Amino acid sequence: MRRQRSEQIIYFLIRMVMYSIVLVIGYILFDIIRNGLPALSWEFVSEYPRKSGAEGGILPAIVGTLSLLVGTIIVALPLGICSAIYLSEYAEQNRFTAMIRLAIITLAGVPSIVYGLFGLGLFVLFLNFGTSILAGSLTLACMILPTIIVSSEEALRAVPRGYRDASLALGATRWETIRTNVLPYSLSGIITGSILGIGRAAGETAPILLTVAAFYLPRLPNSIFDQVMALPYHLYILATQHPEADKVLPLQYATALVLLLLVLGLSLGAIIIRIHFRKKYRW
């Protein structure tokens, strides 16, 4: 009787915590949509900003954010997945690899401003890339790389050992086994973890503040060595530095809504791809 009552209490507390989280997230989304939707229009997403962002649109910020995400994906995804494959399939399981894993997990929790300072010192100043898309993308890639490595390695390790043993017993090489029997069944988990990292990169302000972002540019970027506007930095300036912050409040919410839709779009794409691979490759 006592054990049953304790079970009911624990279940009730867990349910209340879940409801509280859903309520908070729902209120945040409702507030952004309610205040941002009236200011959202085709002109807002297709025009250049005017009068220090008080009028016009956010086209350069959208293009700049997408440019940074493309550069980040090109750098971080191959490095992260290859590192996870090595740690999971090739590296010896000893104290050294355990230390490497601990370091990667620790790096995943480092504040983004630290990565911004790292990118400023290495990419902007030492390698002389300047404040550019290249420097910003490399900094964001370094920031999300630990997340991709950890999630990808967990997805690879989730594939049953018997798949590997059966493939090797039939004469396949280790790489053939990984390519045909491990990666296809772990792709859904790899994609999910990668999109989480990329979504984080899309919303970060501190790294791009020090490496690439500008508040206003009269043109779109022409090369990877150009500065760009970015949605998180644009929103930060409107909310904290603009002389008429109250007047541009609808534009702040509209910018936040566009950024939210961008991240939700990435998440939706990841869900669709994950469902596809889960249907195609069932254990």
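The values are calculated or read from the model by the stated rules, or taken from the named source; none is laboratory data. From a predicted model like this one, the values you see are computed outputs, not experimental measurements. Note that we place each Cβ from the backbone using ideal geometry, even for glycine, and neighbour counts take in every protein chain shown.
Does PHE12 meet the test of being surrounded by 16 or more Cβ atoms within 10 Å (Cβ to Cβ) and of a type in the set (Phe, Trp, Tyr)?
No.
Within segment 188-209, how many residues turn out to be of a type outside the set (Gly, Ala, Ser), over 13 Å from ILE271 (Cβ atoms) and crowded, with 21+ Cβ neighbours inside 10 Å?
5
Any residue in segment 43-62 that is part of a helix (DSSP H, G or I), more than 20 Å from the chain's Cα centre (by Cα) and of a type in the set (Lys, Arg)?
So far as segment 43-62 goes, no, none of its residues is part of a helix (DSSP H, G or I), more than 20 Å from the chain's Cα centre (by Cα) and of a type in the set (Lys, Arg).
Tell me which residues, restricted to segment 136-153, are closer than 22 Å to PRO60 by Cβ and in contact with a Gly (Cβ under 6 Å, 6 or more places away or on another chain).
SER137, THR139
Just to be sure before I move on: is GLU92 surrounded by 15 or more Cβ atoms within 10 Å (Cβ to Cβ) and at pLDDT below 90 in the structure I sent?
no
From the list ALA108, ALA76, ALA98, exactly one residue is out of contact with any Cys (no Cβ under 7 Å at 6 or more places or on another chain), surrounded by fewer than 16 Cβ atoms within 10 Å (Cβ to Cβ) and at negative phi. Which is it?
So the residue among ALA108, ALA76, ALA98 that is out of contact with any Cys (no Cβ under 7 Å at 6 or more places or on another chain), surrounded by fewer than 16 Cβ atoms within 10 Å (Cβ to Cβ) and at negative phi is ALA98.
Go through segment 256-275 and give me each residue that's of a type in the set (Val, Ile, Thr) and farther than 17 Å from LEU69 by Cα.
Residues satisfying the conditions are ILE271, ILE272, ILE273, ILE275.
Which residues, counting only those in segment 225-238, are within 16 Å of PRO207 (Cβ to Cβ) and either touching an Asp or Glu at 6+ places or on another chain (Cβ under 8 Å) or part of a loop (DSSP other than H, G, I, E, B) (or both)?
GLN227, MET229, ALA230, PRO232
Would you say THR65 is over 27 Å from TRP175 (Cβ atoms), touching a residue at least 12 places away in the same chain (Cβ under 8 Å) and not in a helix (DSSP H, G or I)? Show your work before the answer.
Details: over 27 Å from TRP175 (Cβ atoms): yes; touching a residue at least 12 places away in the same chain (Cβ under 8 Å): yes; not in a helix (DSSP H, G or I): no.
When the stated conditions are applied, THR65 does not pass them.
Within segment 221-234, does at least one residue satisfy the condition of being touching a Lys or Arg at 6+ places or on another chain (Cβ under 6 Å), among the β-branched types (Val, Ile, Thr), surrounded by fewer than 19 Cβ atoms within 10 Å (Cβ to Cβ) and within 27 Å of LEU107 (Cβ to Cβ)?
No, segment 221-234 contains no residue that is touching a Lys or Arg at 6+ places or on another chain (Cβ under 6 Å), among the β-branched types (Val, Ile, Thr), surrounded by fewer than 19 Cβ atoms within 10 Å (Cβ to Cβ) and within 27 Å of LEU107 (Cβ to Cβ).
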